[in-house]
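Here's the structure, in structure tokens; my notes come after.
Derivation of every value follows stated rules applied to the coordinates shown; laboratory data play no part. Just so you know, these numbers come straight off a predicted model, no measurement behind them. Neighbour counts run over all protein chains shown; Cβ positions are idealised from the backbone, glycine included.
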Amino acid sequence: MRTRRTPLVAAGAAALTLLAACGGGSGSGADAAGDASDEIAVTASDSTCEVGTSELAAGTHQFTVTNTGSSVTEFYVYAEGDRIMGEVENIAPGVARSLLVELPAGEYQTACKPGMTGDGIRNALTVTGESEQLSDDEQLQAAVADYTRYVGSQVTALQEQTQAFVAAVEAGDVAGAQALYPVARTYWERIEPVAESFGDLDPRVDARENDVAEGETWTGFHVLERDLWVTGDLSQSGPVADQLVADIDELATRVQDLQLQPLDLANGALALLDEIASGKVTGEEERYSHTDLWDFQANLDGSQAAVQSLRPAIAEADPDLAAALDSAFAATQAELAQYASGDGFVLYTALTPEQVRGLSDSLNALAAQVSQVPAVVAG
Amino acid sequence: MGAVKLSRRDFFGAAGVGAAGVVALGAGGVASSRAAAPADQGTTTVSDAVEFHGAHQAGITTPAQDRLHFVAFDVITDDRAALVRMLQQWTQAARRMTRGQDAGPVGAVAGGDYAPPDDTGEAMGLPPAGLTLTIGFGPTLFTAADGTDRFGIADRRPAALVGLPAFPGDELDPATSDGDLCIQACANDPQVAVHAVRNLARIGQGLVGVRWSQLGFGRTSSTTSDQATPRNLFGFKDGTDNLKAEQTATLDRFVWVDDPGSWMDGGSYLVSRRIRMLVEVWDRQGLRDQEQTIGRTKGSGAPLGQRAEFDPVDLSALPATSHVSLAHPTNAGTAILRRGYSFVDGSDGLGRLDAGLFFLCYQSDPATGFVQVQRNLRTDKLNEYVQHTSSALFACPPGLAGEDDWWGSGLFG
């Protein structure tokens, strides 16, 4: 591996707590805040991604991303195999946001993702200088820290986007809320296994009508989905919308104490693909809005983020598997990208059975590879 | 499942794979009086293993087992090397499973805690149960619908391997017809057959996808002389005059491909037809009408005008449009080896069983085999009661020479 992270003083909760203090950006590494040696300007439009430099010295750098386009965008710094070294989510048009990324020597790529989908607009980034070897344990700890930081940035964006969605619902703006619904859910679906680990929170936020036992109250996203797409009547939606915001806030609070193990990442990556196989590729998840392909993309993103956090450890233990994972993720992404439309995707109902079959085949091929990861991580 | 601690590998490793060991350990309920071992097969029972290797693939003239799981796959990779690797892995797994072992070398329960097991486990504790796994290659493996030479084997497609012609009355569903690859899994225990298909599908994940699959029960043909003739869902004995394993000269003429130097030499062509039987309509017909439709008596199976099942067919005593008359080699001018199974796939939403015959037959050339027979059935009285809903043709290569040989070695090697 060319890219190595320096050991982190503490994995998990510590990194995340610090991240929360960073405000808009998502810093990478517990000791990174305020330590930026420079500032790199990134100008992201709907079709371009101009990064101030293509070469950096090893260390912590601050990227300031300005969205000059008309779509919400995201900015990523990827190491080999699309391992996310740092990202900033949910950059609205006209807004500038910063992130701190700690980059050891190596070859990287930056990516702007206007519309938040697909591979993004990529640029090469070379970082020169010292490169440290990590022990196996340090490698796994770094993976947990990486992924925990990723979860934190997703939850922050989830809070913001859920508030925007709920504001539209409460304003009675059906079209506006319909447009924001799949965007807010993207951040939920990317980290769903984490949310599921908080038992009661997942059913409150994400239950479908048939998941609710008799005598229980149905709440969450899918109630609002029904209101928006089936009845078009938002007059009674307020309490459910308020509850959704409160539940997402609770998720954000509870995530701060999140203590993940390396195996959680591996299992979570597979669980996200299983989510696609059982709910999205069948069109069951978004039965009223048919925005299942947004969820498909989000689950895929989240799975890849978890796997790529572990990538240095996988590449060391089983280089063939690391390469197979890279190409399987890319193949599934390419299969899904065929159905991208505007800032999102075509509706599930627009797919032919053959197209669904193609997605399913590709997903199965990917899941077969990802199912090998837990054993590698467990050693 | 907690009670079963031994993997299948351990089970047979401890007992020895020999027939005696298996029988002594008791195959619970598998043996029955109906399946009592005949005199010339005194050492085999329905729970024994069938040899995987040989000049021809097992599962063709092998005494027809009681259960079937047939599966057709689409190959979804473009990577020839990956496909070849999978066929080699399939062969290894098939070799093991037909011996009553786990699909993979580690086994269902002997591996690490965090890796998916290399066997799915539902056959733990079950004997080999006569499992045969027979592979076939469909026309679309060689050349895609748009003419693409998918794996560089288009020039190796035998002339005989072309889509079957349409027949009058066909109601074929494309989604459950054809396929790039097929596996015919036959066993005397349905779970053993399903286990085998499931594990091959698991091994092929990402390279192949199941296109369609069919379960069958109650073999509808006998393929050796000592098997009693079974009955199909019309209640009639079926396959009395089928080709039998003992008729080697006839098999050489009608079933095995004789094309020295070709990868199909010693192989056979497999035609599958899912034939829905309108059993509720059939059941309303009088006994005499049923017998006139088939051309045999319902009780003994004797040809009409004769006394016993195996009495020669006297075509002058049968209605000219009866099934037996039209299908008889004398009238059809050819012969095929039938190996079908009954099926009941639930109901059809109109209060009727979705039942019938999953017809399988082997021949040295489909044009002079199934196609010729089926064309002759155009006026068959039985057509009122049947509907062909799926159709496929596969080239089944010859048998494997030994432990290092693999499915497709002749075609891809």
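Please report, in debye to the nearest 20, how large the charge dipole of chain A is about its Cα centre when each Lys and Arg carries +1 at its beta carbon and each Asp and Glu carries -1 there. So the magnitude is around 560 debye. Please compute the modelled spin-label separation between B:ARG288 and A:THR349, points set 7 Å along Cα→Cβ, answer in nm with one decimal. The modelled label-to-label distance comes out at 5.9 nm. Across all Cα pairs in the stretch A:155-378, the calculated P(r) in 10 Å bins from zero up to the longest distance comes to 8, 33, 34, 20, 5, 0 percent per bin. Note on the stretch A:104-162 and the stretch B:189-216: Cα centroid distance 40 Å, given to the nearest whole angstrom.
Across the stretch B:234-352, Cα-Cα pairs more than 25 Å apart make up 38 percent of the total. Other residues whose C-beta falls under 11 angstrom from the C-beta of A:GLN178 contribute a net charge of -3, scoring Lys and Arg +1 and Asp and Glu -1.
The fewest-to-most ranking of B:THR140, B:THR224, A:THR156, A:THR73 by surrounding Cβ atoms within 10 Å reads B:THR224, B:THR140, A:THR156, A:THR73. Across all C-alpha atoms in chain B, the radius of gyration and Dmax reach 21.3, 70 Å.
Largest GNM mean-square fluctuation among B:ARG67, B:ARG284, B:ARG274, using chain B with Cα springs under 10 Å: B:ARG284.
May I ask you to derive the relative contact order of the stretch A:155-378, considering only C-alpha pairs under 8 Å and at least 6 residues apart, and to give it as an integer percent?
Details: 265 pairs, mean separation 49.0, N = 224.
For the stretch A:155-378, the relative contact order is 22 percent.
In loop segments of the stretch A:228-328 as defined by DSSP, the GluC sites (Glu not before Pro) with at most 14 further C-beta atoms inside 10 Å of their C-beta are A:GLU284. I'd like the FRET efficiency for A:ALA57 and B:ALA110, computed as 1/(1 + (r/R0)^6) with the beta carbon distance as r and R0 of 41 Å, rounded to 0.05. Using R0 = 41 Å, I get an efficiency of 0.20.
Subtract the Cα-Cα distance of A:GLU214 and A:ASP119 from 0.36 nm times their separation in residues, and report this length gain in nm to one decimal. Difference between extended and current length: 29.9 nm.
Going from the residue with the fewest nearby Cβ atoms within 10 Å to the one with the most, A:LEU103, B:LEU411 rank B:LEU411, A:LEU103.
Taking the Cβ of A:SER71 as the centre, find all other residues whose Cβ is under 12 Å away and add up their charges (Lys, Arg: +1; Asp, Glu: -1).
Cβ neighbours under 12 Å give a net charge of -2.
Extending 7 Å from Cα along the Cβ direction at B:ALA228 and again at A:THR253 yields two label points whose distance is 7.4 nm.
At a Förster radius of 41 Å, what calculated FRET efficiency corresponds to the Cβ-Cβ distance of A:THR282 and B:SER262, to the nearest 0.05? Result of the calculation: an efficiency of 0.40.
Taking GluC sites (Glu not before Pro) as exposed when their DSSP state is a loop state and no more than 16 other Cβ atoms lie within 10 Å, the longest site-free interval of chain B runs over B:247-402. Compute a Gaussian network model of chain A, connecting alpha carbons closer than 10 Å, and tell me which residue from A:LEU158, A:LEU56, A:LEU351 fluctuates the most. Comparing A:LEU158, A:LEU56, A:LEU351 in a Gaussian network model of chain A, the most mobile one is A:LEU351. Distance from the C-alpha centroid of the stretch B:351-413 to that of the stretch B:71-85: 22 Å, rounded to the whole angstrom. The share of alpha-carbon pairs in the protein assembly as shown lying farther apart than 52 Å comes to 28%.
Gaussian network model of chain B, Cα springs within a sub-10 Å range: biggest mean-square fluctuation belongs to which of B:ALA94, B:ALA55, B:ALA245? Sorting by GNM fluctuation, first place goes to B:ALA55.
Look at where the Cα atoms of the stretch A:340-379 and of the stretch B:263-309 average out, and the two centres are 46 Å apart.
Under 5 Å between amide hydrogens, built in the peptide plane, is the criterion, and for B:VAL257 it picks out B:GLY266, B:GLY267, B:SER268 among residues at least 5 positions away or on other chains.
Taking the Cα centre of the protein assembly as shown as reference, the dipole from Cβ charges on Lys and Arg (+1) and Asp and Glu (-1) amounts to some 3780 debye. Simple rule: put +1 on each Lys or Arg Cβ and -1 on each Asp or Glu Cβ in the protein assembly as shown, find the dipole, and look at A:GLN178, B:ALA129, A:MET116; the Cα lying farthest toward the positive end is B:ALA129.
Would you mind ranking A:TRP229, B:TRP212 by Cβ crowding within 10 Å, fewest neighbours first?
Neighbour counts put them in this order, fewest first: A:TRP229, B:TRP212.
Helix content alone sets the calculated 222 nm mean residue ellipticity of chain B: runs of n ≥ 4 DSSP H residues at -39500 (n - 2.57) each, divided across all residues, give -6000 deg cm²/dmol.
What translational D, rounded to a whole number of µm²/s, comes out for chain A from Stokes-Einstein when the hydrodynamic radius is the Kirkwood one over Cα pairs, at 4 °C and 1.567 mPa s? Write out the running numbers ahead of the final one.
On the way: Rh = 20.8 Å.
Roughly 62 µm²/s, to the nearest whole number.
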